[in-house]
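Inspection log for the structure reproduced underneath, given as structure tokens.
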Amino acid sequence: MKPRTSSRVAGKWKGAAVRRGSDGHSHRRPAAGGRNGLLVAALAAATALVLAACGGGTGSSSAASSGSGSPSSGPAPTGSPITIGVISSLSGSQASSSNQADTVAPAWAAWVNANGGINGHPVKIISEDDGGDPAKAQAAEKKLVDQDQVLAILVGSDNLISAYDDDALAKGVALVSGAANLGDWYQKAGMFPTVTDVVSGQVDQLLVAQKYGHTKKFANLYCSEVAACALGTQLQKPIADKMNVAYTSLAVSSTATSYTAQCLQLQQQKVDYVQLNFTTAAAAKFIQDCQAQSYNPTWGATEQSIGKDYLDIQGITVYGPAFAFPSVADSPSAKTFRDAMGTYAKGDNWREGSASFAWTGLETLRKALADVGASPTRQDVVTALNTVKDDDLGGLLANKVTFTAGQSVQFGAHPCAFVVAIKNGKTQAPAGTVCASAT
């Protein structure tokens with residue numbers, strides 16, 4: 001059984017006050033004057049910046065309704081449609097690691113509809129691009145909520161969720177992750193994060209480094225462009241000390257033309273595991289600059305950053321926590337994902353990045369709505385999601401998740417993560433999980 005909450009980690013974040021917002025929902029905030037609460041909020045913001053900065057690239061906007069081009073393996077659904085909106089970054093600087101939901105969600109819907117829908121209801125997907133811009137994100141949400149009348153929104157990429165979540169919640173629309181990197185997921189009722197929480201993820205980086213990378217000296221390389229990125233070291237350093245792992249950190253600019261000096265510094269310090277908590281494209285250049293200096297330690301990444309930028313580099317070993325399952329995982333649930341994508345996905349942009357995050361959220365919705373009535377409403381969706389208790393969807397999730405009406409999921413509630421790796425130029429999924437609750 002996987003731990004659902006972290007008694008040691010989550011305990012630091014208790015004592016939060018609840019305020020009633022103008023949207024009518026309960027909002028969780030740190031207790032006034034509480035240093036731990038404020039630190040965790042800052043750490044969450046820092047982690048969000050780190051995890052959101054996952055590389056460059058572009059995508060294309062789309063609006064897709066689901067349908068199956070393959071023979072149905074179940075009766076065709078005849079009920080009223082369940083329309084689900086999807087918001088992700090299909091264009092802009094974060095697209096390469098944030099656009100996978102646009103591939104996954106229509107394929108999931110086609111797979112669901114080919115198997116009878118959700119309790120006889122067909123599923124329809126409408127996908128919108130936030131464009132990496134808050135104004136575009138707001139416009140996308142308003143279109144989905146006000147014009148398209150979606151019953152729920154899958155947040156494929158949450159870089160800009162703070163620009164629109166209050167409006168969606170005020171109108172009774174459940175927000176389901178997808179990526180859940182921003183602090184709003186852990187402060188607002190009506191938001192349903194399904195993956196490893198972001199603060200636990202900082203601890204899980206260290207656990208992966210020790211258990212799989214066998215590190216003796218760990219370096220956290222964080223983005224220098226944003227001051228909050230440095231705050232993650234405040235959580236990691238004391239935990240590394242407790243683990244008897246030597247710890248250092250280094251600010252890195254994602255726009256630097258050369259990383260030779262930093263590579264030599266790490267080499268001289270005998271760092272054997274380098275956690276790359278800055279943009280993936282820059283991190284790939286960092287690795288190559290270090291290799292040019294005959295320095296090639298074990299590298300640390302995350303599931304969302306795994307992709308072509310790393311796979312194209314020869315001779316590297318990479319490990320990291322996977323907040324959602326790696327697509328190559330050897331499990332029945334991962335095989336179901338691969339089979340569905342292989343049959344229904346348009347293209348192959350579903351293997352890593354945020355793809356499994358999107359599938360996780362959609363499958364949570366499907367499970368919650370299994371007994372939905374004849375004419376589903378937004379409130380029915382919220383009510384159904386709040387019936388999810390101690391459920392890991394048969395091992396699809398790294399944690400047993402629980403949602404409770406009127407309450408947000410707390411930091412530390414989802415402490416466990418799967419593990420992802422790159423070895424010999426291929427993505428791998430080492431067996432087991434790591435859990436921040438074990439520290």
Ranked output for segments 133-139, 301-307, 206-212 by mean other Cβ atoms within 10 Å, highest leading, reads 301-307, 206-212, 133-139
Point-to-point label distance, A227-N119, nm (Cα→Cβ direction, 7 Å offset): 5.1
Virtual spin-label span in nm between S253 and Q314, 7 Å along Cα→Cβ: 3.1
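Taking only protein heavy atoms into account and a 1.4 Å probe, give the accessible area per residue of region 210-334 in Å².
Values: 5080 Å² over 125 residues.
On a per-residue basis, region 210-334 sits at 41 Å².
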What is the sum of charges around S91, taking Lys and Arg as +1, Asp and Glu as -1, for the other residues whose C-beta is under 13 Å from the C-beta of S91? -4
As straight-line cross-link partners of K211, the qualifying lysines (C-alpha separation under 26 Å, not fewer than 8 residues apart within one chain) are K2, K12, K237, K242, K270, K308, K335, K400, K423, K426
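How high is the FRET efficiency from K270 to K335, r the C-beta distance, R0 30 Å, rounded to 0.05? The partial results should precede the final answer.
On the way: r = 41 Å, r/R0 = 1.38.
Efficiency for this residue pair is about 0.15.
May I ask for the Kirkwood hydrodynamic radius of region 178-220, worked out over all distinct Cα pairs and given in angstroms to one decimal?
Values: mean 1/r = 0.0835 Å⁻¹.
For region 178-220, the Kirkwood estimate is 12.0 Å.
How long is the gain from Q293 to D167 if the chain were fully straight, where each residue apart is worth 0.36 nm and the alpha carbon distance is subtracted? Present the calculation step by step, with values, prior to reporting the outcome.
Working: separation 126, 0.36 × 126 = 45.36 nm, distance 5.12 nm.
Here the answer is 40.2 nm.
Can you pull the percent of region 142-273's accessible area that's carbon plus sulfur, 1.4 Å probe, other chains left in place? Mind showing how you got there, number by number?
Details: 2280 of 4340 Å².
Result for region 142-273: 53 percent of the exposed heavy-atom area is carbon or sulfur.
For region 401-438, which chymotrypsin sites (Phe, Trp or Tyr not before Pro) are both in a DSSP coil and crowded by at most 14 other Cβ atoms within 10 Å?
none
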At q = 0.15, 0.23 Å⁻¹, work out log10 I(q)/I(0) for region 304-405 with the Debye formula, treating every Cα as an identical point scatterer and leaving solvent out; two decimals please. -0.73, -1.25
Report the FRET efficiency, 1/(1 + (r/R0)^6), for S80 and T383, where r is their Cβ-Cβ distance and R0 is 25 Å, rounded to 0.05. 0.90
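The values are calculated or read from the model by the stated rules, or taken from the named source; none is laboratory data. Values in this document were obtained by computation on a predicted structure and should not be read as measured data. Glycine gets a Cβ as well: all are built from the backbone with ideal geometry, and neighbour counts include every protein chain shown. For accessibility, only protein heavy atoms count, side chains too; no ligands or nucleic acids. Shrake-Rupley method; radii C 1.70, N 1.55, O 1.52, S 1.80 Å.
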